[in-house]
Structure formats: C-alpha cells, structure tokens
Amino acid sequence: METSPPPNPANLTRTSPSSRPEPDWPFESPRPRIRLVKAFETPFANVVATARTCYSSKGIVPDEPGEEKWEGLAKDLYQAGHHTTFQHAQFQFAMENVSRQFIWSFLHSHPFYNSEQVSQRYVGVKSDQAAIPRFEDSTSQRVYEETVRIQMEAYHSLVESLNPVVAREYVKLFPNRKPEEKKHARAINKKAMEIARYVLPVATFAYMYHSVSGITLLRYARLCDQFDTPTEQKEVVRQMVDELLEWDAGYRSVLEEPLDAKELPENELCGEIDDASRARAKAFVAEFDGRMKRPFSTLADWSGNAEAVLADAVREVVGRTSGEMTDSEAIGLALDPAKNPVLGESLNLTTHSKIIRSLFHAHYTFRKRISHTADSQDQRHRMTPASRPILAAHYSGEPDYIRPAILDLDPASSDLYERTMTASWEGIEGLLERGAPTEFALYLLPNAVTIRFTESSDLLNLRHKHTMRLCYNAQEEIWRASVEEAAQIREIHPMLGGYLLPPCGHRILAQSKPICPEGSRYCGVPVWKLDLEEYERVL
C-alpha cells in the first residue's frame with residue numbers, strides 16, 4: 001500500500017524545532033509517520049485575536065504574531081474553560097503506519113475531527129502492512145507473526161475463492177453485464193475484498209488525512225494514555241504535538257501533560273486479561289446478548305411522545321395552531337421530500353432548515369452488535385454517538401465474531417473463514433498465556449470481532465444516517481442494522497418511521513432525477529419500489 005507523500009505547502013516552514021527526545025519504539029514494524037501538511041498561518045495569534053475581538057470597541061482585531069504580552073490572556077481563557085477561541089485554527093495531518101485498532105479506539109472515538117482514510121473495501125491490503133509489536137521472548141514473537149501471516153494469507157485466499165461466488169450474485173443483479181469485462185471484474189473483486197477483509201487483524205495499517213482544531217489536539221495530548229492502544233496513541237500524539245509546536249510554539253504555554261493512566265477509572269477497572277476478567281466478560285456477553293431482540297440492532301429506549309412533540313415543534317416554527325395544521329401535516333413538512341424540497345437535496349441541509357430542525361426533539365437509543373470493521377464505518381456518523389467498549393473488558397478467550405452472509409454460499413470459503421477465526425483466537429491466547437501485554441495481544445483480533453455497545457441519536461441525524469446506510473451499496477452489516485432500526489421505529493412511531501428511506505426513496509418522493517444518485521455504482525435493485533419488509537441482499 002504505497003502512497004506518495006502529501007504536498008508540503010511553502011508556507012509550512014517550521015519555526016521552532018522540537019527538542020523533545022524520540023522515545024523507544026517497542027515495535028518491529030515502522031514507527032507511525034505523522035506530518036503536519038496544512039495549517040493556519042498564525043494559529044496561536046488567532047486565538048488571541050479572536051478573544052480580543054470580543055472586547056474590542058474598534059472592530060476586528062487582526063492576528064499579530066509575537067505579541068507575548070497577550071500570552072497571559074490565552075492561558076487565562078484556557079484555564080477558565082473558554083475554549084471556543086482555540087477552535088478556529090485547523091490542522092491537517094498526513095498519517096501513515098497507524099493501525100485500524102488505534103484509529104477505531106482513539107482518533108474516531110469522538111465527533112470533533114475529519115478523516116479521509118484508505119478503504120479496505122476498495123483497496124487491496126499487502127501482507128506486510130500490520131503493526132508488529134516487539135515481544136520479550138522469541139516464542140511470543142513467533143506466535144504473533146505466524147498468526148498475522150495466517151490472517152493475511154487467508155485474506156488473499158478469500159479474495160480469490162469469493163470472486164466466482166460474488167460473480168454469480170453480480171450477474172443475478174445485472175444479467176446484461178459480462179463479469180469478465182474489466183470494469184465489471186474490478187467491481188466483483190472489490191466486493192470479494194470487502195468480505196475477505198473480515199479476517200484481517202485490527203493491527204492492519206492504514207494511511208489517512210486527519211484534520212482537527214487546536215482544542216481537539218490539546219485534548220488528544222491530555223487523554224492519550226487510555227485504553228485500548230496507549231503505546232500507539234502516545235507516539236502518534238507526541239508527533240502531532242511536536243509538529244504543532246514546530247509550526248507555532250505559542251501552544252507550549254497551554255499544553256498539558258497527559259493524565260496519569262492510574263487516575264482514569266477505565267484503566268483501574270480494566271487491566272490485564274486473566275481468568276477473572278474472562279469470566280466477567282462471559283457473563284457480560286451473555287447478559288448483553290440476552291437483551292438483543294434483533295441480530296444487529298435492538299431499540300432500547302425512545303421518546304414516547306415523539307410524534308406529538310415533533311408536530312407541535314413544526315407548528316411553533318410557522319406559528320400555526322393544531323386546528324390549522326394536523327399532526328400528520330406538520331410531520332410531513334419536516335420529513336416528506338414531496339412537501340419540503342430541502343429533504344431531496346444531496347447536500348445535507350437539514351440542520352440549517354428551520355422546520356427540519358424540529359426533528360432534534362425525537363430521540364432513539366439502540367443496543368448494537370456488529371463487527372469491528374463495520375463499526376469502524378458506523379462510528380464515522382459522528383452525530384449518532386455511542387459508548388464504545390474497551391475491548392479487553394469484553395475478551396472472554398472464546399472466538400466471538402460476525403459472519404458475512406455470502407459465506408453461506410460457498411463451503412470452501414466458509415471453512416477457511418472459520419479456521420482463520422480459530423487461529424486468531426489461538427494466537428491471542430498463546431500470547432496471553434506467555435504473559436504478553438494485553439494491548440499487544442489484542443492487535444491480533446480480526447476485523448470480524450464482535451463489538452457490543454449502545455448508540456443514541458436524535459431523529460434528524462438518524463434520518464441522515466439511514467439515508468446513507470439503507471442504500472444497498474452500504475456496508476452489509478450497517479445496512480442490516482439500519483433496516484432493523486427503521487423497522488422498529490415504524491412499529492412505535494409509524495408516521496416518523498415511514499420516512500426513513502434510502503436516497504432513491506427520498507428522491508422518488510421529491511421527483512428528483514435520476515432516482516438513484518449513484519450513477520455507475522447503481523446497486524441493480526429498484527429499491528424505491530420496495531417496502532422495507534421486502535429489503536433483502538447478499539452482496
């Protein structure tokens with residue numbers, strides 16, 4: 001997975017070289033490579049300028065680098081918690097040699113970022129692209145590296161064995177397409193890679209652009225010693241902070257040291273894996289799964305009076321009484337693309353629409369069970385937040401994973417998948433038995449490992465998520481979870497749930513053309529003609 005380095009703009013000339021020593025790197029694999037590639041020209045001066053503007057009788061205060069006399073103001077604002085001034089300056093980093101586990105556990109565990117990362121759905125993975133910790137004994141080193149080899153070889157074998165299976169299903173969707181043609185063969189291979197990636201370890205590397213504000217970067221620095229990947233987190237954040245300080249040393253005045261891991265209750269409750277922790281994990285999994293009424297997503301809580309409250313809110317926006325506008329009419333203005341053209345736009349304008357903002361008042365909470373690879377995409381819906389787990393706390397020692405549906409169509413691929421899952425957990429157990437650090441052992445968990453958590457959302461942001469994920473092109477598990485969620489909302493709030501639709505469903509109501517906005521990526525199914533109960537897919 002080679003990539004050329006991102007551009008380094010001429011204005012990104014370091015002004016304050018870091019004197020911080022580079023710590024030992026306890027991995028055989030390359031150290032993460034973190035580079036600041038885009039930034040505000042004078043970010044810390046902007047913190048001061050925006051703060052001073054609030055109290056200026058002479059208008060906008062410009063950035064004036066080098067005004068050390070205002071450093072005290074910045075420190076006072078920071079210590080008092082007045083952090084909006086630190087949000088203006090943005091920093092874009094190019095990141096290489098970072099694990100999927102680290103990205104899932106740390107970089108994407110909050111809403112205040114933007115990332116564009118290489119896709120395992122559409123880009124093949126090379127066998128040497130994984131984090132390899134350095135172990136104290138040669139046997140542990142051999143167990144880890146052998147397990148990664150098994151996982152990588154299984155990935156490449158599955159891509160090959162699944163290709164004819166995917167091709168058969170592809171032809172069912174597109175009978176007029178010849179799967180041997182180059183462009184269709186590529187599409188088929190990508191679908192095969194999408195399934196095969198489930199066997200890859202969460203140690204697999206990714207490269208990405210990652211953009212954050214100054215305050216988010218300061219938060220990274222303060223909380224980088226928490227589970228699941230503290231070693232990798234501290235190294236990546238160290239490099240990010242060094243890059244920041246080299247660009248603008250002013251941030252040194254407010255930068256805090258990381259919180260001591262011992263002060264964090266999560267770290268106190270979740271230590272190394274042992275027999276007691278495995279027993280607790282088994283009990284937790286049994287209790288959680290016992291509450292699941294659907295395979296992927298179960299409605300756990302909701303706003304009981306959501307339809308009436310939403311209707312009232314719409315009437316409040318436009319100043320109408322219930323006698324002038326019925327609940328159904330009001331809800332239609334907020335949810336029906338045939339009545340509100342904003343809902344038919346591909347640009348998501350809902351948060352900016354006065355009427356549609358009424359959807360904020362309806363809330364839903366789901367108990368979810370999906371794979372690590374699916375959740376890595378699910379968590380990118382930053383406005384549907386979740387309480388995701390520390391994986392060590394869920395580790396029971398027994399294989400615990402999700403199976404893609406298409407494996408049922410090919411016994412050979414299914415058998416290889418199952419054997420790889422067994423080998424993955426055997427590798428982890430082999431390391432733990434030899435006293436290897438939990439953090440390093442769990443890098444061997446496959447992408448398929450089950451993630452259990454609770455996720456909540458207001459209707460406005462859930463509607464947007466379902467618009468994206470009820471599409472048949474969406475990742476299979478997230479699609480299945482979204483179908484289950486929409487069905488459950490229809491049961492309790494039929495006037496609201498009926499408008500949870502894929503893009504083509506909204507566009508047909510809005511009379512927008514083309515009905516499917518995906519162009520050459522059309523899934524092959526006229527989903528807009530189907531009721532939710534008829535939704536079914538293998539690919």
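The values are calculated or read from the model by the stated rules, or taken from the named source; none is laboratory data. Since the model is a prediction, treat every value here as computed from it, not as a measurement. Here the Cβ is made from the backbone with ideal geometry for all residues, glycine too, and neighbour counts use every protein chain on show.
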Residue list for the range 405-418, filter: assigned to a helix (DSSP H, G or I) and surrounded by 18 or more Cβ atoms within 10 Å (Cβ to Cβ): Ile406, Leu407, Ser413, Leu416, Tyr417
Residues of the range 184-242 satisfying the condition of being among the small types (Gly, Ala, Ser) and part of a strand (DSSP E or B): Ala206, Ser211, Ser213
Candidates Ser105, Ser127, Ser161, filtered to the one that is touching a helix residue (DSSP H, G or I) at 6+ places or on another chain (Cβ under 9 Å), surrounded by fewer than 22 Cβ atoms within 10 Å (Cβ to Cβ) and either not assigned by TED's automatic domain parsing to the domain that holds Leu442 or not in a helix (DSSP H, G or I) (or both): Ser127
Residue list for the range 40-79, filter: among the aromatic types (Phe, Trp, Tyr) and buried (at least 16 other Cβ atoms within 10 Å of the Cβ): Phe40, Phe44, Trp70, Tyr78
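To keep it simple, each residue is scored yes or no on (1) touching a residue at least 24 places away in the same chain (Cβ under 8 Å); (2) aliphatic (A, V, I, L, M); (3) in a helix (DSSP H, G or I).
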position: Ser457; (1), (2), (3): yes, no, no
position: His464; (1), (2), (3): yes, no, yes
position: Arg480; (1), (2), (3): yes, no, yes
position: Gly505; (1), (2), (3): yes, no, yes
position: Leu509; (1), (2), (3): yes, yes, yes
position: Ile515; (1), (2), (3): no, yes, no
Residue match in the range 393-404 (condition: within 30 Å of Gly519 (Cα to Cα) and surrounded by fewer than 20 Cβ atoms within 10 Å (Cβ to Cβ)): yes
Checklist (1) modelled with pLDDT of 95 or more; (2) touching a Leu at 6+ places or on another chain (Cβ under 9 Å) applied to Gly344, failing item: (1)
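Yes/no per residue for (1) of a type outside the set (Ser, Thr, Tyr); (2) assigned by TED's automatic domain parsing to the domain that holds Val159; (3) within 30 Å of Cys270 (Cα to Cα); (4) surrounded by 15 or more Cβ atoms within 10 Å (Cβ to Cβ):
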site	(1), (2), (3), (4)
Trp302	yes, no, no, yes
Thr321	no, no, no, no
Glu324	yes, no, no, no
Ile331	yes, no, no, yes
Ser346	no, no, no, no
Gln379	yes, no, yes, yes
Thr420 vs. criteria under 25 Å from Tyr155 (Cβ atoms), in contact with a Pro (Cβ under 9 Å, 6 or more places away or on another chain) and of a type in the set (Ser, Thr, Tyr): yes
Out of Ala330, Ala392, Ala374, sole residue that is touching a Ser or Thr at 6+ places or on another chain (Cβ under 6 Å) and either part of a helix (DSSP H, G or I) or under 29 Å from Val538 (Cβ atoms) (or both): Ala392
Exclusive hit being of a type in the set (A, V, I, L, M, F, W, C) and within 25 Å of Ile390 (Cα to Cα), set Ala487, Ala448: Ala448
Flag if Glu485 is surrounded by 22 or more Cβ atoms within 10 Å (Cβ to Cβ) and not in a loop (DSSP other than H, G, I, E, B): yes
Criterion (at pLDDT 95 or above, closer than 20 Å to Ala281 by Cα and among the basic types (Lys, Arg)) met by exactly one of Arg419, Arg369: Arg369
Residues being among the charged types (D, E, K, R) and closer than 22 Å to Ala130 by Cα - total across the range 147-190: 4
Cβ pairs under 7 Å, 6+ apart, first in the range 169-188 and among the β-branched types (Val, Ile, Thr), second in a helix (DSSP H, G or I): Ile188/Asn163; Ile188/Val166; Ile188/Ala167; Ile188/Tyr170
Cβ-Cβ under 9 Å pairs, at least 6 apart or on other chains, the range 411-427 side at positive phi, far side of a type in the set (Ser, Thr, Tyr) and modelled with pLDDT of 95 or more: none
Considering residues of the range 44-103 that are closer than 13 Å to Gly250 by Cβ and of a type in the set (Lys, Arg) only, the residue farthest from the chain's Cα centre (by Cα): Lys69
